[in-house]
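Following: one structure in structure tokens, then a few remarks.
The values are calculated or read from the model by the stated rules, or taken from the named source; none is laboratory data. Computed from a predicted model, the values in this text were never measured in an experiment. A quick note on method: Cβ atoms are made from the backbone with ideal geometry, for glycine too, and the neighbour counts reach across all protein chains shown.
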């Protein structure tokens, strides 16, 4: 059995993975989207299916975008055979002078959460995240309809988790194969933060991560063919 569980990032929804889900399901994968429940979608944390034939040579792949790796339950992380990280991070705020600027920007964003200016702030964040594409290129803008009271509480909680992130999740399986995909034009995550992720993975994992740096791609990767390329990488990964 080939299984996949996806986790979207902050200020996003499980619809982020719809194209991925469709592609992998056609290839015989059991795909489940996790959902934080910020907006109209119910929160959910899917689990791995039991495999009657045992776990040998079976794929259990986690797909994460941005903050997503920090939102995956420990049990899921422990059993992963492969991990695909799209513009993810171990520590979001870098050390040093650059870190102070990032922290100040985050504090400024946090002041708008739950206030009348919240929608405008979130829209500006998404507009920045989609660069170098335009926001109109999105089929569906995340959280464009509404944020529920429960969803806003989760949004704020996850925002604080992002600020406090400083290492890889300890439950991350050391034996898993990791593919890191980074957009060179990412306006959300700094190059220092990207480098820190690779360094932390090399220290934590039994196998060094594979890194793809995509030119002309930003925080929300829309490169044609990237899904197929990841699928091919998984077929080759042993």
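Values for this structure:
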quantity	calculated
Qualifying residue in the range 203-215 (condition: modelled with pLDDT of 95 or more and part of a helix (DSSP H, G or I))	yes
The one condition in (1) in contact (Cβ under 8 Å) with a residue 40 or more places away in the chain; (2) closer than 19 Å to residue 92 by Cα; (3) in contact with a helix residue (DSSP H, G or I) (Cβ under 9 Å, 6 or more places away or on another chain); (4) not in a helix (DSSP H, G or I) that residue 143 fails to fulfil	(2)
Failed criterion for residue 178 (all others in (1) in contact with a strand residue (DSSP E or B) (Cβ under 6 Å, 6 or more places away or on another chain); (2) in a loop (DSSP other than H, G, I, E, B) hold)	(2)
Top-ranked residue in the range 80-105 [being surrounded by fewer than 19 Cβ atoms within 10 Å (Cβ to Cβ) and assigned to a loop (DSSP other than H, G, I, E, B); ranked as modelled with the highest pLDDT]	91
Failed item, numbered, when residue 224 is tested on (1) in a loop (DSSP other than H, G, I, E, B); (2) surrounded by fewer than 16 Cβ atoms within 10 Å (Cβ to Cβ); (3) touching a residue at least 60 places away in the same chain (Cβ under 8 Å)	(3)
Sole exception among (1) under 26 Å from residue 112 (Cβ atoms); (2) exposed (fewer than 15 other Cβ atoms within 10 Å of the Cβ) for residue 65, by number	(2)
Residue list for the range 222-237, filter: in contact with a strand residue (DSSP E or B) (Cβ under 8 Å, 6 or more places away or on another chain) and modelled with pLDDT under 95	223, 237
Residue list for the range 69-86, filter: closer than 11 Å to residue 8 by Cα and touching a strand residue (DSSP E or B) at 6+ places or on another chain (Cβ under 8 Å)	69, 71, 72, 85, 86
In the range 1-17, residue surrounded by the fewest Cβ atoms within 10 Å (Cβ to Cβ) [restricted to those that are in a loop (DSSP other than H, G, I, E, B) and modelled with pLDDT of 95 or more]	10
Qualifying positions in the range 106-138 - in a helix (DSSP H, G or I), free of Cβ contacts under 8 Å to residues at least 40 places away in the same chain and surrounded by 11 or more Cβ atoms within 10 Å (Cβ to Cβ)	118, 119, 120, 121, 123, 124, 127, 135
Search result, residues across the range 18-42 that are closer than 16 Å to residue 143 by Cβ and either assigned to a loop (DSSP other than H, G, I, E, B) or touching a residue at least 40 places away in the same chain (Cβ under 8 Å) (or both)	36, 37, 38, 39, 40, 41, 42
